[in-house]
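Rule-based calculations on the coordinates, nothing more; no lab input. These numbers come from a predicted model, not from an experiment. Virtual Cβ from ideal backbone geometry, glycine too; neighbours counted across all protein chains shown.
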C-alpha cells in the first residue's frame, strides 16, 4: 500500500453518478481516476489500473458491490486494496454487512460533490 492516495478506481453503473464523481475526484480532488460501469468490468481492469483505493457502488445489476468486493478480496493481487462502498442504504445493518463484505467504510448517497474528495481522503487517513 502506498502512503499517499493518488489513484482511485470508481465503480458505478449510473452514467450520471460516474460523471459527478469524475468532476468531484479529478477536478476538485486532483485524483487520478479510473472508472468502470460494472463489477465485472472492475475485476477485469483492477490489476492493470493499480488503484490505491476502490470506490464501489452497492446496488448494480449483474454483479453487485458486495459480490464484487468479495471477488476482489479473494484475489491475492487485489486483496489489500481498501474498498469504500457508496450506497443510498445507509442504515446500521447494511453498513455492517458491507464492512463484512470487505469494505473499510461506507459513504452515503446522495453525497456532496464538493466534499467527496475530502471524505475519501479522511477514510484513507484513518487507515494509515
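Summary of values
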| read-out | value |
| --- | --- |
| Relative contact order of the chain, pairs being alpha-carbon contacts under 8 Å that are 6 or more residues apart, as % | 26 |
| Helical mean residue ellipticity (222 nm; -39500 (n - 2.57) per DSSP H run of 4+; nearest 500) of the chain | -11500 deg cm²/dmol |
| Three-way shape call for the range 66-117 based on the alpha-carbon gyration tensor, with the a/c threshold at 1.5 | oblate |
| Pairwise label distance in nanometres, residue 59 with residue 100, each label 7 Å out on the Cα-Cβ vector | 2.0 |
| Virtual spin-label span in nm between residue 16 and residue 118, 7 Å along Cα→Cβ | 2.5 |
| Segment residue 77-residue 41, extension gain: residue separation times 0.36 nm, minus the distance between their alpha carbons | 11.3 nm |
| Alpha-carbon Rg/Rh ratio, for the range 7-127, with Rh computed the Kirkwood way | 0.92 |
| Cα-projected label distance for residue 7 with residue 70, points at 7 Å along beta-carbon direction, nm | 2.8 |
| Gained length - residue 128 relative to residue 88, 0.36 nm times residue gap less alpha-carbon distance | 11.7 nm |
